[in-house]
Structures are given as C-alpha cells and as structure tokens.
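Comments concern the structure below.
The values are calculated or read from the model by the stated rules, or taken from the named source; none is laboratory data. Fair warning: this is a prediction, and the values are worked out from it, not measured in the lab. Here the Cβ positions follow ideal geometry from the backbone for every residue, glycine too, while neighbour counts run over all protein chains shown. To get the accessible areas, we keep the full protein, side chains included, count just its heavy atoms, and leave off ligands, DNA and RNA. Shrake-Rupley method; radii C 1.70, N 1.55, O 1.52, S 1.80 Å.
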Amino acid sequence: ERGNAALVTRFLEANYHHFSKSGGIYLDMQAVSEASIGNGGRYHQFILLPWGLVYRVLKPSQLQTKDSVLYWHRRSQIMMERVVKVMTHVNPQIPYDRGSWEFVAASIFWDMHYQRALYLLGYA
C-alpha cells in the first residue's frame, strides 16, 4: 500500500498543475485504498472527490469556503446522476454471474454510491 500511495502521490504532484485548468485529473476509484482516504476525501495533499465512476482530484484550497464546498458537492452529485441515467441498461439489482461484464458494471455502480456516501460522511 505504501508503495502505491507514493506512486499515486508522485503522479498527482507531477501532473496536477498541467491538467487542473484544462479539465482536471481523475483517478479510478480502485487506484487507492479507501482506508488511506481521510475525512472529506483527504488523500495526502489532495482531495479525492467522487465524480461518477472515478475521483476528481482537487487541492484543499478549492474547498475552503462554504460556497466552494457546496459547488463541488453539487457537481459531484450531478456526475453521479449522469451515471445512474446511463446504467438503465444494466439493472444493478439483478444478481449477475460473477465475472460477467454486467456483474462488474453493477459492482462499480454500487461502489460509486458507497464512495460518495463515505465522502459526504466526512462533512457530517
């Protein structure tokens, strides 16, 4: 875990300034251990904001005011709602066979909800 955390953190440090203004940096939710994410999505010197099926990487300075926190939380909710709308082809409540693409899609769908709930609990 420590090796992966160091690798991800170095990657983010090296690339954040290149991509933060042109659309952002996004990480797969499986790229980091959820145990290493603190309250409010804190991951080392970054914030991992649930953004649909991925995390959007922010700096803590982007969430310093109540208005900025509300802005990013609304955007996160919109991204999740977009995924829910697209997932009409895969019913996440049906028990699909393990290893099938439907099973994987449903697992990612539920993980998206779980990660967003954990993130929001950090603000409760």
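Here are the numbers:
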{"quantity": "Cα gyration tensor shape for the stretch 33-104, rounded if a/c is under 1.5, else prolate or oblate", "calculated": "oblate"}
{"quantity": "Long-range HN-HN contacts of I25 with modeled amide H, under 5 Å", "calculated": "V57"}
{"quantity": "Point-charge dipole on Cβ atoms (K/R +1, D/E -1) for the chain, about Cα centre, debye to 20", "calculated": "460"}
{"quantity": "Per-peptide average of other Cβ atoms within 10 Å, ordering 7-13, 95-101 highest first", "calculated": "7-13, 95-101"}
{"quantity": "CD proxy at 222 nm, helix term only [per DSSP H run n ≥ 4: -39500 (n - 2.57); per residue of the chain; nearest 500]", "calculated": "-16500 deg cm²/dmol"}
{"quantity": "C-alpha long axis of helix 2-19 to longest principal axis of the chain, angle in °", "calculated": "70"}
{"quantity": "Sulfur and carbon atoms: percent of accessible area, the chain [1.4 Å]", "calculated": "58"}
{"quantity": "The chain - accessible surface per residue (Å², probe 1.4 Å)", "calculated": "63"}
{"quantity": "Relative packing of 18-28, 52-62, 104-114, 68-78, which averages over residues the other C-beta atoms within 10 Å, highest first", "calculated": "52-62, 104-114, 68-78, 18-28"}
